[in-house]
Amino acid sequence: MFAALHGVPRDAVVGRTNRRWMWGGIVAVVVWWLGALQDQLRVARTLNDSTFHMQMIRWAGGQLRDGRLPLDGWFPDLTMGSAFFHYYQSLSYNVTAVIAAVTPGSSDSLYRLLLWLLVAAWPVAVYAGVRMFGFDRHIAMLAGVIALTINSVTGYGFEIGSYTYGGYGMYTQLFGMWCMSLAWGTTWRALH
């Protein structure tokens, strides 16, 4: 009725309302997962690779404090040492170390916070990626809603257990899965 009185096409109002509803649904899912995963913020002895990831972040932070780029160098804290930052996926460590350098608190706390936020907000990346593929908002929202309910036999997939305290602690893959969804969508747009 408002649209008709003010000369706004009905489809434009319905489209805006539909868009708000879709984003509201995704936000509701993310908020629910933030609550469900809040235990991930607690300091606890890790059962997985998180200790290694936190050490890599500390090392990268030390390199930054010393005025060096952490893209290469000898990481001495695992076995006999290695040039991990030269050949291993170091994006997650470098991003976390840079954020830790400009924010208060420890890099370990930031690690737990980013892990919590990135896992819980994964439906946003799925929604955005599916929309970039050109799918309808309803399908994109459904994909975002079910994104964190996926499970595999091995537990090394995109499921929550790959990243959380009781799982495998695959921090670098967490950054990779965010990049993957958006990269697939932008690649599709470029090819299309």
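The values are calculated or read from the model by the stated rules, or taken from the named source; none is laboratory data. Every value quoted in this text rests on a predicted model; they were computed, and no experiment measured them. Positions of Cβ are backbone-derived with ideal geometry, glycine not excepted, and every protein chain shown enters the neighbour counts. Remember, those area values only see protein heavy atoms, side chains included, never the ligands or the DNA or RNA. Shrake-Rupley method; radii C 1.70, N 1.55, O 1.52, S 1.80 Å.
Loop only per DSSP, at most 12 neighbouring Cβ atoms within 10 Å: give me the trypsin sites (Lys or Arg not before Pro) in the stretch 66-142, ordered by residue number.
When the trypsin sites (Lys or Arg not before Pro) of the stretch 66-142 are filtered for loop state and at most 12 Cβ neighbours within 10 Å, 68 remain.
So I have (1) 20.2, 75; (2) 16.4, 47; (3) 28.8, 111, and one of them is Rg and Dmax of the Cα atoms in Å calculated from this model. Which one is it?
(1)
How many percent of the accessible area of the chain is carbon or sulfur, using a 1.4 Å probe?
66
List every DSSP H helix in the chain whose Cα atoms extend 24 Å or more along the helix's own long axis and whose mean Kyte-Doolittle hydropathy is at least 0.0.
10-36, 171-191
Taking amide H positions as placed 1.01 Å from N in the peptide plane, with prolines and chain starts having none, which residues 5 or more places from residue 49, or on another chain, fall under 5 Å of its amide H?
For residue 49, the qualifying residues are 169.
Can you show me the helix-derived [θ] at 222 nm for the chain, built from DSSP H runs with n ≥ 4 at -39,500 (n - 2.57) apiece and divided by the number of residues, rounded to the nearest 500.
The per-residue figure over the chain is -19500 deg cm²/dmol.
Report, by chain and number, residues whose modeled amide H sits under 5 Å from the one on residue 75, excluding near sequence neighbours (fewer than 5 apart, same chain).
Those qualifying (amide H under 5 Å, at least 5 residues apart or on another chain) are 82, 83, 84, 85.
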